[in-house]
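**Q** Quick one: structure below, then a few questions.
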Amino acid sequence: MKIDELKVIKLPTTVHDLALVADGTRLWAACLDGGVYGVDLETEERVLLGEHTRYASGVHALPDGKTVISAGYDGALLWHDVEKRSCFRRVQAHEFWSWQSALSLDGKWIASSTGQYLCGGYKYEPAPEREPSVKVYDTKTGELKASFEHVPPVQSVAFSRDGRYVAAGNLMGEIRVWEVETQELVSTWTTGDFTGWGIIKGHYYTGGVFSLAFGPGDDLLYLIGMGTTRDPAAGNGKQLWQAYAWKEEGAPKEAKSSGDETGQGLMEAFAFHPSDDWFVMAGRLESGQWNVAAFDRESGNLRASYNYKGRVCQGAFLPDGDRFVLGGGVSQGELKEGKFRDYGRVWVSKAS
């Protein structure tokens, strides 16, 4: 397998999240400047759909093709009318940031995670949450469906493919899975593989689980992030993914990335190919050969890799399965005439 870069589309600021429309002709991008942009993948034309008062962290296109929901560091969820390019509903989901949000495959539910890391004692253990760390809302009405407790900050959230469960992971590597309808906690475990305790330049937790994804049949839950590091400021932990049989007692680890095939950096993005035979993992590179790689699902082996020389925050496959899009950014460069260059990026790529 080989990864080829087909097209690069520039946006004003870093793309934190993206959502493809059903036919794959365009996408919605949530960006660092708070903007939610529509991007035509053929013409590269972009339009501003709406804005958050702080960073836009998430964006999701509902199946009706008429509505987009975005999340931001202002703690709000915004419902946008695509045709009118206007916001028709605002829900203040959190007092703090929406770290990550997720849409159920049927478009019925949207979940958002939050939490501020405040020291709760002399060992720098996190203080208890000030609000529920995970909330699930009805996408049609905006009404709160469920609230779930976790240990903040909760940096990742995902729905099972059947929409029955929602999972969330935090900075300390603790995973919790709940049933949405009953709000029952059905699985919980902690892995120290994604979390570091800094002893250089600062003493605090770093890393954590940055993305989650349920595998085929919802039997395995995939965790993505950065391996342990002694220097919190360096971001030089191992590029890491692991898969857990979350339904089984103790949630045994079933698969993981090989240390021989990874470098150092923080992985933030994860997407399954439509066939489910392989997946793409991506993020920021500290040292090594790649910041985007394709892995075989069955063996876990590396199939292909590529260095986009920037930060990749999210990715998705186009309907044809031959191409995929990645959203992120590069260095903003020097300030010229009162502004930075466009440093947001959408990369259109092909795997063959």
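No value in this document is a laboratory result; all are computed from the given coordinates. These numbers come from a predicted model, not from an experiment. Cβ coordinates were reconstructed from backbone atoms using ideal geometry, including for glycine residues, and neighbour counts include every protein chain displayed.
**Q** Please give the charge dipole size of the chain, origin at the Cα centre, charges +1 on K and R Cβ atoms and -1 on D and E Cβ atoms. Round to the nearest 20 debye. It would help to have the intermediate numbers written out before the result.
**A** Details: 37 positive and 47 negative charges, 189 e Å.
With only Lys, Arg, Asp and Glu charged at Cβ, the dipole is about 900 debye.
**Q** Taking 7 Å along the Cα-to-C-beta vector as the label spot, tell me the Leu144-Leu105 distance in nanometres, rounded to one decimal.
**A** 2.9 nm
**Q** Which trypsin sites (Lys or Arg not before Pro) in the stretch 160-264 sit in a loop by DSSP (not H, G, I, E or B) and have at most 11 other Cβ atoms within 10 Å of their own Cβ? Each step should come with its number before you reach the end.
**A** On the way: sites: Arg161, Arg164, Arg176, Lys201, Arg230, Lys238, Lys247, Lys253, Lys256; in loops: Arg161, Arg164, Lys201, Arg230, Lys247.
Filter output for the stretch 160-264: Lys201.
**Q** Based only on other Cβ atoms within 10 Å, what is the fewest-to-most ordering of His52, His60?
**A** By the 10 Å Cβ count, ascending: His60, His52.
**Q** Roughly how many nanometres apart are two label points built 7 Å out from the Cα toward the Cβ at Phe340 and Asp320?
**A** Label at Phe340, label at Asp320, 3.3 nm between them.
**Q** Taking square-rooted eigenvalues a ≥ b ≥ c of the alpha carbon gyration tensor, is the stretch 3-351 rounded, prolate or oblate, where a/c under 1.5 means rounded and, failing that, a/b exceeding b/c means prolate? Please list the in-between numbers first.
**A** Details: a/c = 1.24, a/b = 1.10, b/c = 1.13.
In terms of gyration-tensor shape, rounded.
**Q** Another question about this same structure. Fewest first, what order do Ser57, Ser113, Ser187 take by the number of other Cβ atoms within 10 Å?
**A** Working: Ser57 25, Ser113 33, Ser187 20.
Lowest count first: Ser187, Ser57, Ser113.
**Q** Right, another one. Rounded to the nearest 5, what % of the DSSP beta bridges within the stretch 3-351 are antiparallel ones? Kindly include the intermediate steps, with their values, before the conclusion.
**A** Values: 118 of 118 bridges.
Percent antiparallel among DSSP bridges in the stretch 3-351 is about 100.
**Q** Counting pairs on different chains as well as pairs 8 or more places apart, how many Lys pairs in the stretch 1-152 have Cα atoms under 30 Å apart?
**A** 19
**Q** May I pose another question? For the stretch 84-142, what log10 I(q)/I(0) values come out of the Debye formula at q = 0.19, 0.21 1/Å, with one point per alpha carbon and no solvent?
**A** Debye output, listed in q order: -0.77, -0.87.
**Q** Right, next: Please report, largest first and rounded to whole Å, the three semi-axes of the ellipsoid equivalent to the stretch 93-190, where each semi-axis is the square root of five times an eigenvalue of the C-alpha gyration tensor.
**A** On the way: eigenvalues 111, 40, 21 Å².
Its equivalent ellipsoid spans semi-axes of 24, 14, 10 Å.
**Q** Would you mind classifying the stretch 176-325 by shape? Square roots of the alpha carbon gyration tensor eigenvalues, ordered a ≥ b ≥ c; an a/c under 1.5 is rounded, otherwise it is prolate if a/b is larger than b/c and oblate if not. Don't skip to the answer; put the middle values down first.
**A** Details: a/c = 1.83, a/b = 1.07, b/c = 1.71.
Oblate, since a/c reaches 1.5 and b/c is not below a/b.
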